[in-house]
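Here's the structure, in structure tokens; my notes come after.
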Amino acid sequence: MVFVAGSRLVVGVRTGRRRAPTRNPSVQASGGKHADMSRSPLAALEEGGPDLDALTRRVIAVALVALALRLVLLGDRVAHFDEGRVGWWTLHFLDTGQFEYRFIIHGPLVQHVNRVVFAVFGANDVTLRLFVALVGAALPLAALLFREHLRDDEVIGVAAFLAANPLLVYYSRFFRSTLLVAAFSFVAFGLLVRAVDERSVRYVHGAVVFVALAFTAKENAAVYVLCWLGATALVVDHRLFRTGSDESGVEWLRERVPDRETVATYRARLPRYLGHLGIAAVSFFAVTLYFYAPRSPDPNLVGFWQGVTNPTAFPAMVGRTVENVVTGYEHWFGGSTDPGCRKDNLVDGYLCYLGRSLESLSGYALPLVVLSVAGFLAERWARSRPRLVVLFAGYWGFVSVLGYPLGTDIYGAWIMVNAVVPLAIPAGVGLAMVVRWTGDALHADAVRFGLAAFVLFLVVGQVAFALSTGVYLDHSGEDNTLVQYAQPADDFRPALDVLDERAESHEGTDVLLVGSPYVRDTPRRGGIEPRCSAISDTLPLQWYIETHDATADCTANVTRAEAEIAAADPLVVVAPTRLTSQLAELLPGYTRRTGGLRTYGSQAVFFSKTANATAG
């Protein structure tokens, strides 16, 4: 996979003081090849320039559109709870050099990548999401991996869906690892397909690396492997059921049992096979160990660098890493028996989550889902020799639609990313089929042409409408089914601008959180600061406090707040709106604004100190 990067578009971007690195370091339908299909598309991409074939150039153009869709106004949406939490821990890693795999915030990959991004470009809402956005923009290029099995127009259709599907665009602009695990797994699958096409083991090794990256992105990479096994079983069953000749599946299989001479050849090659297997195992182990292993600047503690530079410490480092990973996977795959969606039993909870997932798909992936069904059924029923890649991707995607609502603990439309990415393959087949019908009917049948053109109009129109409203214009609204509950409804960042202007020279506490919902009874012994804050009700405030290099404290009631305000003269005071009138008396001259810290409810009031304001 070739990653396409570009200059950052910072329209509508807000930044804190962390702006600078001041912290520590095309086949025909029948299967024939094109004239130039003997070359690997990856080799063609590496050569660049005029040697790029027409299909590759078109897919690159689609990827550039994907890049623009993901970068424009990337920092416009205020950070989600999850974004704020992982962003804070990434800054902690940057500041202290300390890292530990925390399963509650999922895989460690994004923290390692964004530590470098923050060190180079500073920490803000754009750089927070930049890595995920670039991976999402590059994902359409993976369609080239299937060019031996798809027609050119189908490859472009796959790339187009990966580039412009509103659900994928939304979560490519979201600092969460779901898009990453889906993208890496999709590329790994494509590389395995290329390995079969070209009989080249290099693609297998590439696939192993991408599978390892998927596991470092998010724990549900294990579910992808299970989906692949299930899809493989269904494809094998299909192949044995429909052999393409008069022979039965058993006869077809018997003819392919290797004879003694073939077995002897394989036996002679066994050392080479084992060598490649060993390389693959070492590659997977090395990638996962690098990202999951702890880090510590203290040379006396067991961390990754202490382990790889000191052979005697290596077993302890590996043991600690394995222990952390096992704990995390036990948490996520331990099998919760609690019904979700506030239902009384697992069946009702599952049906609720499934219904919400289908609602999100109908609003923001309807053309993709409908065309994926059409493409899959056409492949299965209308072709004498269905292409197994299309069937495989269809099985993979459809079971993900049904399965992920069963395994989620809280609902977020992001779970459907896991289904939409593989469904892009049969959807691309379906889209190309409609386009061909439209072209064939242009000079033959006005009614047929009109219907086909109308379908294309609906597809393009629905995608454009969903992109404009769900991704850009209403990215935080309660009615937007892409929006998860922990997304703040309002942009409260202007209330924190005073931190950018005055926190560096301010002597006292910069931000004061007031009110029992925002304050813990007992401060945390470590972790997200301020440790007195109740993160379930206040995130992502801590992310913004940290990006401004500001200090913060908490007080549970207004009586205590009065003394704290008089002593610390805070620049910003945040409280539930029910305390507005009481705090207003203590903060004359402060500007006041309200905003929701969640999609609905959770209204907070922000008092921001003006240049001449005095507290108390």
Inter-probe distance in nm under a simple model that places probes 7 Å from Cα toward Cβ, at A563 and D490: 3.1
Using θ = phi - 60° and Karplus 6.51 cos²θ - 1.76 cosθ + 1.60, couplings along segment 284-290 (whole Hz; Gly, Pro as x): 4, 4, 5, 5, 5, 5, 4
DSSP bridge orientation in the chain - percent antiparallel, rounded to nearest 5: 65
Distance (nanometres) between label positions extended 7 Å along Cα→Cβ at R102 and S283: 3.3
Leading residue at positive end of dipole, the chain (Cβ point charges), from G595, A160, V347: A160
Two-site FRET efficiency, V196 against Y266, from Cβ-Cβ distance with R₀ of 22 Å, rounded to 0.05: 0.85
Karplus (6.51, -1.76, 1.60) ³J(HN,Hα), θ = phi - 60°, over segment 100-114, in Hz, Gly and Pro reported as x: 9, 5, 10, 4, 5, 10, 6, x, x, 4, 5, 5, 5, 5, 6
Whole-Å distance, taken between Cα centres, linking segment 136-162 and segment 483-527: 44
Gyration tensor verdict on the chain (Cα atoms; rounded if a/c is under 1.5, prolate if a/b is larger than b/c, oblate otherwise): prolate
V373-D298 FRET efficiency (beta carbon distance; Förster radius 45 Å; 0.05 resolution): 0.20
Global geometry of segment 493-608, whether rounded, prolate or oblate, following the gyration tensor of its Cα atoms and the 1.5 cut on a/c: rounded
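Using 0.36 nm per residue of separation minus the Cα-Cα distance, give me the extension gain between D237 and A444 in nm, one decimal. Mind showing how you got there, number by number?
Numbers: separation 207, 0.36 × 207 = 74.52 nm, distance 4.00 nm.
This chain segment gains 70.5 nm when fully extended.
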Where labels lie 7 Å past Cα in the beta-carbon direction, separation of S384 and A464 in nm: 4.2
Placed amide H near V519: partners under 5 Å, 5+ positions off or other chain: A534
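Would you work out the relative contact order for segment 493-608, in percent, from Cα pairs under 8 angstrom that are 6 or more residues apart?
32
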Vicinal HN-Hα couplings computed from phi for segment 555-561 (Karplus, 6.51 cos²θ - 1.76 cosθ + 1.60; Hz; Gly/Pro x): 8, 7, 9, 5, 4, 5, 5
Order of V78, V181 - criterion: other Cβ atoms within 10 Å of each residue's Cβ, fewest first: V78, V181
Extension gain (nm, one decimal) between L366 and V250, 0.36 nm per residue minus Cα-Cα: 37.8 nm
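Read-outs throughout are calculated quantities, based only on the coordinates presented, and are distinct from any laboratory measurement. The structure displayed is predicted, hence computed values, not measured ones. Reconstructed Cβ throughout: ideal geometry from the backbone, glycine too, with neighbour counts over all protein chains shown.
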